[in-house]
1. Please give, to one decimal in nm, the separation of the simple spin-label points placed at GLU52 and ASN88, each 7 Å out from Cα toward the Cβ.
2. Can you tell me how much longer the chain between LEU39 and TRP63 gets when fully stretched, taken as 0.36 nm per residue apart minus their C-alpha distance, in nm with one decimal?
3. Rounded, prolate or oblate: which one fits segment 3-92, using the alpha carbon gyration tensor with axes a ≥ b ≥ c (rounded when a/c is under 1.5, else prolate when a/b beats b/c, else oblate)?
4. For MET64, MET9, what ranking results if the residue with the fewest other Cβ atoms within 10 Å of its Cβ goes first?
5. Roughly speaking, what is the stretch gain from GLU146 to LEU23, that is 0.36 nm per residue apart minus the C-alpha to C-alpha distance, in nm to one decimal?
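Every number here is computed from the coordinates shown, using simple stated rules; none is lab data. Just so it is clear, the model here is predicted, and its values are computed rather than measured. All Cβ positions, even for glycine, are placed from backbone atoms using ideal geometry, and neighbour counts span all protein chains on display.
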Amino acid sequence: MNSLEIQLMTDEDLIALIRENDLGAFERIYNKYWSKLYLSAYNIIRDRQVAEDVTQEVLVNLWMKRANLKLTSLNAYLYTSVRYQVFNVIRSGKVRADLFNRLEELFSNNGGEELLSEKEINRLLEQGVAELPEKCRQIFIMSRKEHLSTKEIAERLGIAPKTVENQLTVALNRLRKTLGDFVCIAAIMLCGRWF
């Protein structure tokens, strides 16, 4: 198949081809989505290298999992993967200090303390967490307030680590919907100071 034919294909066609190990189809997906995914990651974490790493990891994972892909929307899958990877990076603390400094700078430079103080963010976070389902709330609090690892939470509750990861993803998604992206990121950043 020539490159012009590949460029005219839909995402569904490209996914079918990469399932069959077609590197040209993967290159088309890579070229079509790389900069959009990078900007999506960069807009949250504001670190070029980390945003590049996140984007690269998402696309490499797409290729690695190509044989088992069951997607209804490549676009939605890739953007969801980027958000998940970004939250993993933030949760791991790799960009936490720098992002928190940028949030503080944004607040101070733009009079943000009048709009959204740390106290207000904590209040919104508490309210959002209170609205989570009980098990989801319990796992989120153990992760963010008690700073327990996924494995430690799983052992304490007698559940699988994957269940803990899934519940944390549910919690973050619900909080993001409730609080909005910016407030949610600020709240996640402040979790280390959440009392």
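1. The modelled label-to-label distance comes out at 2.0 nm.
2. Numbers: separation 24, 0.36 × 24 = 8.64 nm, distance 2.05 nm.
That works out to 6.6 nm of additional length.
3. Working: a/c = 2.34, a/b = 1.82, b/c = 1.29.
Since a/c reaches 1.5 and a/b is larger than b/c, the shape of segment 3-92 is classed as prolate.
4. MET64, MET9
5. Numbers: separation 123, 0.36 × 123 = 44.28 nm, distance 4.50 nm.
Between GLU146 and LEU23, full extension yields 39.8 nm more.
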